[in-house]
Amino acid sequence: MNAATVTARIVSVLLALVLLVGGLLVAVEIVLAQLGRQPWLIPWPAWASWLGSQTWESTGVRLILVGLVVVGLALLVLALRPGKPRRLALPVTDRNLHLSIARRALQQTLADTAARASGVASASAKARRRTVTINATTANPDTTDVQQAALTAVTERLDQLGLAGRLRPRVRIEVSS
Amino acid sequence: MSTETVPDLTPSPAEARVPEPEGRGSLRIHDRVVEKVAGYAVTTVPDAAAAPRRVLGLTVGSPRSDDEAAKVTATVYGDSVSVSATIAVAWPSPIRGVAAQLAQRIRGEISHHTGLRVDRVDLNVVSLRLSEVQGRRVQ
């Protein structure tokens, strides 16, 4: 799991908590208002009076609305953008069986496969819709043989999985210091 | 209804009201029953096991034992059922071979225990690291 995914998940959880607490606060304020009590934490009478003095022509109102539209469109584009596939279908002969492998599991097995190739010290894999990229390290200054060994191992593994024609492997080798 | 009786041959009034066997009720097998059976089937196939638990994308807890039933979703449609399971396969066993064997076992177990026909099996392999953490099963 990369840093962007971790960040997105933490932000999502925090946002969900903010919405939950905000919703509860609003509910409490509504009940207090119905009972004729003073506001608790949200100074809504002041907000309501400020909003009452605004018109559609007000610069502040227009700026806020334009900002909301921009943020909404940006979120829409992000949501509609096709992400990486969560799973990849594997070919099977049984027509009533539908087999798939999670992208994370595929990356793990390809990284393990590359790491076992001759000369490879460590390896990681990133799978996309049509390509899989292996980033490997080696202590061997001559990286050509190591790269070829890793590429052969990964290609064989993809062939075993039935993904050889669908995912194109690429191997990047770095010499570890 | 006639009250004229022949003691040894004519059914009593209560028996006469009992409908034919096929009309006396129905048997409906719940989705959860099929899920249990299929989850157990996963434990019987070498090199297949329940997938590790994940929370927010992170693996939590220790690896699942071979005897632990897999997470399965089943939907019964009349006499047929579709099954979806999330599993782990021992690396480097051939995934497609293990999956074919498992699908066969799931069909057999469900057919044997419930009489339902399995129309579709969806298997999602989410882990291939089983053998590295708990070793291969002795066969």
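Just a few scattered comments:
- In segment B:89-104, of all residues being at the interface with chain A (Cβ under 9 Å from one of its Cβ atoms) and surrounded by fewer than 24 Cβ atoms within 10 Å (Cβ to Cβ), the one that is farthest from the chain's Cα centre (by Cα) corresponds to B:Pro92.
- Flag for A:Ala136 being touching a helix residue (DSSP H, G or I) at 6+ places or on another chain (Cβ under 8 Å) and within 14 Å of chain B (Cβ to nearest Cβ): no
- Scan of segment A:9-54 for residues that are small (Gly, Ala, Ser) and surrounded by 11 or more Cβ atoms within 10 Å (Cβ to Cβ), ordered by number: A:Ser12, A:Gly22, A:Ala33
- Checking the stated criteria, A:Val132 turns out not to satisfy the condition of being over 30 Å from B:Leu102 (Cα atoms) and modelled with pLDDT of 90 or more.
- Residue in segment B:66-78 that is within 29 Å of A:Ala111 (Cβ to Cβ), basic (Lys, Arg), in a strand (DSSP E or B) and modelled with pLDDT under 95 present: yes
- Considering (1) hydrophobic (A, V, I, L, M, F, W, C); (2) more than 14 Å from every other protein chain (Cβ to nearest Cβ); (3) in contact with a His (Cβ under 8 Å, 6 or more places away or on another chain), the lone condition that A:Ala89 does not fulfil carries the number (2).
- Scan segment A:7-64 for residues that are assigned to a loop (DSSP other than H, G, I, E, B) and basic (Lys, Arg) and the total you get is 1.
- Enumeration of residues in segment B:70-118 that are touching a helix residue (DSSP H, G or I) at 6+ places or on another chain (Cβ under 8 Å) and of a type in the set (Phe, Trp, Tyr): B:Trp91
- Residue among B:Arg24, B:Arg28, B:Arg53, B:Arg107 that is charged (D, E, K, R), more than 23 Å from A:Leu110 (Cβ to Cβ) and modelled with pLDDT of 90 or more: B:Arg107
- Matching option when the condition is polar (S, T, N, Q) and over 15 Å from A:Val175 (Cα atoms), among A:Thr137, A:Thr93: A:Thr93
- Within segment A:96-129, considering residues that are assigned to a loop (DSSP other than H, G, I, E, B) and either within 14 Å of another protein chain (Cβ to nearest Cβ) or modelled with pLDDT of 95 or more (or both), the one nearest to A:Pro169 (Cα to Cα): A:Ala117
- Qualifying residues in segment B:105-127 (those that are among the hydrophobic types (A, V, I, L, M, F, W, C) and out of contact with any Asp or Glu (no Cβ under 7 Å at 6 or more places or on another chain)) - the one surrounded by the most Cβ atoms within 10 Å (Cβ to Cβ): B:Ile106
- Within segment A:70-86, being facing another protein chain (nearest Cβ under 10 Å) and not in a loop (DSSP other than H, G, I, E, B) holds for no residue.
- Some residue of segment A:16-29 being touching a Pro at 6+ places or on another chain (Cβ under 9 Å) and under 30 Å from B:Arg117 (Cα atoms): no
- None of A:Ser176, A:Ser124 is out of contact with any His (no Cβ under 9 Å at 6 or more places or on another chain), exposed (fewer than 13 other Cβ atoms within 10 Å of the Cβ), without any contact (Cβ under 8 Å) to a residue 60 or more places away in the chain and hydroxyl-bearing (Ser, Thr, Tyr) except A:Ser176.
The values are calculated or read from the model by the stated rules, or taken from the named source; none is laboratory data. Please read all numbers here as calculations on a predicted model, not as lab measurements. Note that we place each Cβ from the backbone using ideal geometry, even for glycine, and neighbour counts take in every protein chain shown.
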